[in-house]
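Written below as structure tokens is the structure these notes are about.
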Amino acid sequence: MKKLFLVVSLLSSFLAFGFTDEYIISTIDCYDAKYFLEEQIYFKYDDEENLYYLQKKDYFSSAWYVLTPENLEILRANIKKALDWGKIAKENKTSISKELPDSQIKVSAIKEYHNEWYSSSRDITLTFNFLSVVEHSAVICSLVIYGNQVPSLQNQYIDIEFEDVIFTNDLIEYFYDSISPETIEAAQKQHEKQKEAEALFT
């Protein structure tokens, strides 16, 4: 019930005020797991709600996946573990596919589709998997995030989905750095500086 109230409250705020308190902390490069096409995820923060988001866009829609501070810590821990396993896989020339120890988080979501807004009827589950493949003596390591699909609260025929993404080799470390406390702090300082500058125009 508490989760449902949060999603409805957030959706109401977005409809009324837009995303005036939300700003981008970092832009994260990755690959679409289905077609292995390059894409980007935006890591954002909302001052008013004290919530983090992962935002994904396509040609027709945009979706925000809500990360509580606790979820963010689990996400960081999974990426760190993937980096550690990557070192082991490279040292031992090992091919393996394995779920990470704390392998799942549940997130609520909000979607904008053709200028209409929808919230998830239940949480989306994100599952983290480590993959290493040995090819011609080289070891390619990947962090894969699998997501599922749920119907929206407003329309059962409109689904909200987290499509699977892959972070390979250096992109795993880049992902880790992109959501680090240092990156967040730097973005917050820049955001405050921008707000102070805007306040001069009164």
Worksheet, complete the sentence: With 0.36 nm assigned to each residue of separation and the Cα-Cα distance removed, Phe36 to Ala77 gains 12.3 nm
Worksheet item: Given labels modelled 7 Å from the Cα in the Cβ direction, how far is it in nm from Gln194 to Asp84?
Response: 3.5 nm
Item to complete: Could you tell me which of Pro69, Ala82, Tyr53 has its Cα farthest along the dipole of the chain towards the positive end, charges placed at Cβ (Lys, Arg +1; Asp, Glu -1), taken about the Cα centre?
Response: Ala82
Discussion item. Taking only the Cα atoms of the stretch 32-144, how large is their convex hull per residue, in Å³?
Written reply: 122 Å³
Worksheet, complete the sentence: If the label point sits 7 Å along Cα→Cβ of Asp159, residues of the stretch 108-141 with amide N under 17 Å come out as 109-113, 118-127
Worksheet item: Short version: ³J(HN,Hα) in whole Hz for each residue of the stretch 105-119, in order, from phi by Karplus 6.51 cos²θ - 1.76 cosθ + 1.60 (θ = phi - 60°), x for Gly and Pro, what are they?
Response: 9, 10, 10, 7, 8, 10, 10, 10, 9, 6, 6, 10, 10, 9, 10
Practice prompt. Give, in nm to one decimal, the length gained when the segment between Thr183 and Val133 is fully stretched (0.36 nm per residue of separation minus the Cα-Cα distance).
Written response: 14.9 nm
Worksheet entry | Karplus 3J(HN,Hα) series, Hz, for the stretch 25-37 with 6.51 cos²θ - 1.76 cosθ + 1.60 (x for Gly, Pro) | 8, 7, 10, 10, 7, 7, 10, 5, 6, 7, 10, 6, 9
Fill in: Proximal charge balance of Glu163 [Cβ under 15 Å; K/R count +1, D/E count -1]
-3
Discussion item. On a 27 Å Cα-Cα criterion, which of the cross-link pairs Lys90/Lys189; Lys57/Lys87; Lys56/Lys195; Lys44/Lys98 come out too long?
Written reply: Lys90/Lys189; Lys57/Lys87; Lys44/Lys98
Worksheet item: So what does Thr68 come to for accessible area, using a 1.4 Å probe and Å² rounded to 10?
Response: 30 Å²
Discussion item. Past the 27 angstrom mark, what percentage of all C-alpha to C-alpha distances in the chain do you count?
Written reply: 34 percent
Worksheet item: In straight Cα distance, which lysines are under 28 Å from Lys93, not counting same-chain residues fewer than 8 positions off?
Response: Lys34, Lys80, Lys81
Worksheet, complete the sentence: At 10 °C in a medium of viscosity 1.306 mPa s, the stretch 107-202 has a Stokes-Einstein diffusion coefficient, with Rh taken as the Kirkwood radius over alpha carbon pairs, in µm² per second, of 94 µm²/s
Worksheet item: Accessible area per residue, 1.4 Å probe, Å², for the chain: what's the number?
Response: 57 Å²
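The values are calculated or read from the model by the stated rules, or taken from the named source; none is laboratory data. Nothing here was measured: the structure is a model prediction, and the numbers come from that model. Cβ: placed from backbone, ideal geometry, glycine included. Neighbour counts: every protein chain shown. Each accessible area value is taken on the protein alone, full model and side chains, heavy atoms only, with ligands, DNA and RNA left out. Shrake-Rupley method; radii C 1.70, N 1.55, O 1.52, S 1.80 Å.
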